[in-house]
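The values are calculated or read from the model by the stated rules, or taken from the named source; none is laboratory data. Here the structure is a predicted model, which is why all the values come from computation and not from measurement. Cβ placement follows ideal geometry from the backbone for every residue including glycine, while neighbour counts extend to all protein chains displayed. These accessible areas exclude ligands, DNA and RNA; they are computed on the full protein's heavy atoms, side chains included. Shrake-Rupley method; radii C 1.70, N 1.55, O 1.52, S 1.80 Å.
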Amino acid sequence: SVIFAFSQSMLIPVVPLYVVGFEIPYGLVGVVLACTGLGMLLSDVPAGLLTRQLGTRRTMISGVCIVIFFTMALFWARSIPEVIGYRLLAGFGMALYSVSRHAYMADNIIVDNRGKAIALFGGVNRVGRFAGPALGGVLATAYGLRMPFLWVAGIEIVALGAIVSFVKSE
C-alpha cells in the first residue's frame, strides 16, 4: 500500500502542469484532475461485485495492472480526450485495487486487531502520499512532464510484485 500510495502521489505536482501543456482552459484542467476520482466513484460498486466473483487477490492484481497500463499510456497521450479516458480507466483500476484491498483486510484481520490495522494502514498511506510529490516534481524538472508517468508505472510494478508475493489466495 505504501508503494502504491507513494507512486500515485508522485503525480500530484505533475498532472496539472502536464494537462496545461495541452493548452486547455483551467476549468478543463480541473475536470481532468477529477477524472480518476470520478472513475473510482463510478466503479466502486462494480469493483465490489468483481471482488466477490474473482476473489480479492485476483481483483487486487487486476486493478493494479489496469492502473499501471493507463498511467503509462499518459506518457504517449496526444489529446485531452485520450487523457480523460486514461484517467477514468485508471480510476476504475484504483477502485478494483481499493475495494479488494479493504475486503482482503476485513477477511484476514481478526476483529480485535482491525482498528489497529486500519490505523496502521492509514498511516502507511499518508507516509507514501507525503513523500511522493517531491520525487514527482524532481523527476518532472529533470526529465520533463511525461517521464514521471513511466516512473510511476515502474514503481507500481514493484507494488504489483509485493501483492503477487505476499497476498494469499482465497
Filter result for residue 120 (open to solvent by 50 Å² or more (accessible area, probe 1.4 Å), at pLDDT below 95 and more than 21 Å from residue 44 (Cα to Cα)): yes
Complete set of residues in region 1-52 that are among the aromatic types (Phe, Trp, Tyr) and surrounded by 14 or more Cβ atoms within 10 Å (Cβ to Cβ): 4, 6, 18, 22
Those residues of region 123-151 which are of a type in the set (Lys, Arg) and open to solvent by less than 70 Å² (accessible area, probe 1.4 Å), in sequence order: 146
Qualifying residue in region 80-96 (condition: among the hydroxyl-bearing types (Ser, Thr, Tyr), surrounded by 15 or more Cβ atoms within 10 Å (Cβ to Cβ) and touching a residue at least 40 places away in the same chain (Cβ under 8 Å)): no
Search result, residues across region 124-142 that are under 17 Å from residue 98 (Cβ atoms) and out of contact with any Phe, Trp or Tyr (no Cβ under 6 Å at 6 or more places or on another chain): 124, 125, 126, 129
Residue in region 59-68 that is closer than 20 Å to residue 16 by Cβ and touching a residue at least 12 places away in the same chain (Cβ under 8 Å) present: yes
